[in-house]
Amino acid sequence: MSQETEKYIDFIRSLSGLDISVYDNTFLEKTINSRKVDTSSKTDQEYLSYLTNVPEEPAELLRQLSNSYSEFFRNPLTFSYLEQIILPQLIEKKKIRNENEIRIWSAACASGQEAYSLAIVCDELIGNNNTKINCRIFATDNNPNELMDAQKGVYYSTALGKVTLKRIQTYFTLKGETYTINPQLRDKIDFSVFDLLSDQASCPPASVYGNFDLVFCSNLLFYYKPEYRDSILGKIGNSLAKGAYIITGETEREILMGKNYREVFVHSAIFQKR
Ligand SMILES: C[S@@+](CC[C@H](N)C(=O)[O-])C[C@H]1O[C@@H](n2cnc3c(N)ncnc32)[C@H](O)[C@@H]1O
């Protein structure tokens, strides 16, 4: 890490108490460089002075470091495996064991798109399966603003590009230019703030004991340095039930390869703990 990057880390720590050294070096430096360009700062000294003197800039830098882009059914291949293989198998397993709950955690849910996509698939499968099994979905993020948006469940059409017309008609209500998730679906999800890097709890307190059948940890790991990725994976690993699944983003598969996980389908980004 360069001396300049360390200066930014020290500055943000002294200003806000936040530790941005947890971010992957390349990502951190790329984000700082992009802010330098956007603020027409020619040197690090100029940008540091901009950060110090323009009150909105530290928040803008932090906002860009905490990317919260998401969309419904973001990785269609993953959702297709879930819908056609993983969830039907889980339903059968629960029936055989006389258990009535599938436990799912969307561990960095941003403004809810991933959790609602899961809720839609579960609702359809359970409706078609004539079963008493319930899908309990816990959705967490460390950003309270994202969670507030998630709970509102209001989206522009750009987030719905991969949602079929039938699903839009069934699960959303169009009001003006936005689509609102139907309250029956929203009420099936338990939203709460949870920091995957905090030492306080190993799983969302609302879930009480974890024991998840499926955890989505998608498009978050690659922003962090390897030791923090390991810490997040350790936490999630401890919250998984035996034989449970963890799902990452498409470009994060490599992070789990060679670790204590087995990719269930080639290139699927769906892993099972060994
Ligand atoms: C790029 S979004 C991914 C959203 C969704 N999982 C997806 O794949 O579309 C990353 C999210 O991770 C959240 N996040 C980052 N660090 C986190 C942490 N330490 N604990 C919990 N959430 C975190 C961010 O607030 C953001 O909403």
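If Lys and Arg each add +1 and Asp and Glu each add -1, what is the summed charge of the other residues whose beta carbon sits under 9 Å from the beta carbon of ASP213?
Numbers: positive: LYS93, LYS94, ARG103; negative: GLU101.
That works out to +2.
Of all DSSP beta bridges in the chain, what percent run antiparallel (nearest 5)?
Beta bridges within the chain, antiparallel portion: roughly 45 percent.
Can you give the relative contact order of region 112-161 as a percent, counting alpha carbon pairs under 8 Å and 6+ residues apart?
48
Between SER68 and ILE85, with labels modelled 7 Å along Cα→Cβ, what's the label distance in nm to one decimal, could you check?
Reported label-point gap for SER68 and ILE85 is 3.4 nm.
Across region 1-159, how many lysine pairs, 8 or more positions apart or on different chains, have C-alpha atoms separated by under 23 Å? Please give the number.
Working: LYS7/LYS30; LYS7/LYS36; LYS7/LYS42; LYS30/LYS42; LYS93/LYS132; LYS94/LYS132; LYS95/LYS132.
Here the count comes out as 7.
Any chance you could run the full-extension gain for ASP199 through LYS242? It's 0.36 nm times the residue separation minus the Cα-Cα distance, nm to one decimal. Write down the numbers at each step before the final one.
Details: separation 43, 0.36 × 43 = 15.48 nm, distance 2.30 nm.
Extra length from ASP199 to LYS242 when fully extended: 13.2 nm.
Of PRO144, ILE133, ALA241, whose Cα points farthest to the positive end of the dipole of region 76-273 (charges on the beta-carbon: +1 Lys, Arg; -1 Asp, Glu; origin at the Cα centre)?
In region 76-273, that residue is ILE133.
Run the dipole for the chain about the Cα centre, Lys and Arg Cβ at +1, Asp and Glu Cβ at -1, nothing else charged, and hand back the magnitude in debye, nearest 20.
1200
Evaluate 2.2 N^0.38 Å with N set to the residue count of region 76-273, then give the Cα radius of gyration divided by it.
Ratio of Rg to 2.2 N^0.38 Å for region 76-273: 0.99.
In nm, what is the difference between 0.36 nm times the number of residues separating GLU56 and SER157 and their Cα-Cα distance?
Here the answer is 33.4 nm.
Return the loop-located trypsin sites (Lys or Arg not before Pro) in region 1-92 (DSSP other than H, G, I, E, B) with at most 12 other Cβ atoms within 10 Å of their own Cβ; answer none if there are none.
LYS42
Sticking with the crude label model, points 7 Å out along Cα→Cβ, report the distance from PHE27 to PHE222 in nm, one decimal please.
Result: 0.9 nm between the two label points.
Could you name the lysines in cross-link range of LYS235, using Cα to Cα under 20 Å and dropping any fewer than eight places away on the same chain?
LYS225, LYS259, LYS273
Between the helical axis of 3-16 and the dominant principal axis of the chain, each derived from Cα atoms, what acute angle in degrees is found, rounded to the nearest 10?
Tilt of helix 3-16: around 70 degrees.
Let me check I've understood the local charge: for PHE271, count other residues with C-beta under 10 angstrom from its C-beta, Lys and Arg +1, Asp and Glu -1. What total comes out?
Local net charge: +4.
Bear in mind these aren't lab numbers, they're just calculated from the coordinates by the rules spelled out. Bear in mind the structure is a predicted one, so any value in this text is a computation, not a measurement. Cβ: placed from backbone, ideal geometry, glycine included. Neighbour counts: every protein chain shown.
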